[in-house]
1. Take the conditions under 30 Å from Phe12 (Cα atoms) and open to solvent by 60 Å² or more (accessible area, probe 1.4 Å) and apply them to Pro65. Does it pass?
2. Return a yes/no flag: does region 45-63 have any residue that is in contact with a strand residue (DSSP E or B) (Cβ under 9 Å, 6 or more places away or on another chain), on the phi > 0 side of the Ramachandran plot and not polar (S, T, N, Q).
3. Inside region 71-185, counting only helices (runs of 4 or more DSSP H) that do not spill past its ends, which hold 1 or more residues that are open to solvent by 10 Å² or more (accessible area, probe 1.4 Å), of a type in the set (Ser, Thr, Tyr) and on the phi > 0 side of the Ramachandran plot?
4. Only residues that are open to solvent by 50 Å² or more (accessible area, probe 1.4 Å) and touching a Pro at 6+ places or on another chain (Cβ under 7 Å): list them for region 1-31, please.
5. Which one of the conditions (1) modelled with pLDDT under 95; (2) out of contact with any Gly (no Cβ under 9 Å at 6 or more places or on another chain); (3) more than 19 Å from Asp185 (Cβ to Cβ); (4) of a type outside the set (Gly, Ala, Ser) does Thr109 fail to meet, given that it meets all the rest?
6. So Phe52 ticks every box in (1) touching a Gly at 6+ places or on another chain (Cβ under 8 Å); (2) of a type in the set (Phe, Trp, Tyr); (3) closer than 30 Å to Asp136 by Cα but one. Which box is left unticked?
7. Among the residues of region 32-58, which ones are under 19 Å from Ser156 (Cα atoms), open to solvent by 60 Å² or more (accessible area, probe 1.4 Å) and either without any contact (Cβ under 8 Å) to a residue 60 or more places away in the chain or in a helix (DSSP H, G or I) (or both)?
Amino acid sequence: MPVFRLTADLAFPDPELAEDGLLAIGGDLSLPRLLLAYRSGIFPWYGEGDPFLWWSPPERALLRPGRLHLSSRTRHSLRRRPFDIRFDTAFEAVIGHCSQVPRPGQDGTWITPEMRSAYVDLHRAGYAHSVEAWRDGELRGGLYGVSLGGAFFGESMFSLEAEASRAALAALDARLAAWGFSMLDGQLPHEGLMAY
C-alpha cells in the first residue's frame, strides 16, 4: 500500500489505507487540518527535521473512562501524598516539559517547535487541554491532549516526581467519566500506558 502525499487541499485519504499505521506525508499543522485529522482517527507524529507524517495505526491504546486501573501501590501513594490537580492552568509548561523529558529508547522528541505552536493554537481555540499535578506550588507532572466530541486523544505526559503523571491521568479519567466521554485514546499501545 502507498503512503499518500497531502496537497494544500484539506483532505486525508481513508485511514484504512494506512500501511503499518503510516498514512500520509506533507500538509501542514493548521487548526482545520489537525481537527480533521483527529475526527478521522489520524494524528501527526514525526521527528525534528522530518516532513509532517500522519498516522492511523491498526491497533490503538483505547481506554474507557471510569475504568482506569491503578496498582494498589500507586493508589496508596496518591492517598498518602496527593497532588493538587489542575486543568488548563499551565498548558504551555506541560507541553514544554513533555518535549524535554528524556524517554528510554528515544533520541530527541516528536514535539517539535512547529508542533508545540500548533497545539498551543489548538489550546487557545478550546480543543487541546492539559491536566497538571502540582506540589508545593510547583508543576511536578501532567499530560496534554485533544478533546473532540466524546473522545480525548492523549498526546504526551511527563513526571518530574514519582506518580505525578499517574495522578494527572487518574484525574483525567475521572473527569471524562463524569462528563460521559466514550473513550480516552492513547494512540499507540505501549507498556507505560497499558500498565495503568
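The values are calculated or read from the model by the stated rules, or taken from the named source; none is laboratory data. Nothing here was measured: the structure is a model prediction, and the numbers come from that model. Don't worry about glycine lacking a Cβ; one is built from the backbone with ideal geometry, like all the others, and counts go over all protein chains shown. The protein model used for the area step is the full one, side chains on, heavy atoms only, and it has no ligands, DNA or RNA in it. Shrake-Rupley method; radii C 1.70, N 1.55, O 1.52, S 1.80 Å.
1. On the way: under 30 Å from Phe12 (Cα atoms): yes; open to solvent by 60 Å² or more (accessible area, probe 1.4 Å): no.
The answer is no for Pro65.
2. No, there is no match, as no residue in region 45-63 is in contact with a strand residue (DSSP E or B) (Cβ under 9 Å, 6 or more places away or on another chain), on the phi > 0 side of the Ramachandran plot and not polar (S, T, N, Q).
3. Of the helices (runs of 4 or more DSSP H) lying wholly inside region 71-185, none has at least 1 residues that are open to solvent by 10 Å² or more (accessible area, probe 1.4 Å), of a type in the set (Ser, Thr, Tyr) and on the phi > 0 side of the Ramachandran plot.
4. Matches in region 1-31: Phe4, Leu10.
5. Result: Thr109 fails condition (2) only.
6. (3)
7. Taking region 32-58 first, the residues under 19 Å from Ser156 (Cα atoms) are 34-35, 37-39, 41-48, 52-57.
When the remaining residues are screened for being open to solvent by 60 Å² or more (accessible area, probe 1.4 Å), the result is 39, 45, 48.
If the condition is that a residue be under 19 Å from Ser156 (Cα atoms), open to solvent by 60 Å² or more (accessible area, probe 1.4 Å) and either without any contact (Cβ under 8 Å) to a residue 60 or more places away in the chain or in a helix (DSSP H, G or I) (or both), then Arg39 is the only one that fits.
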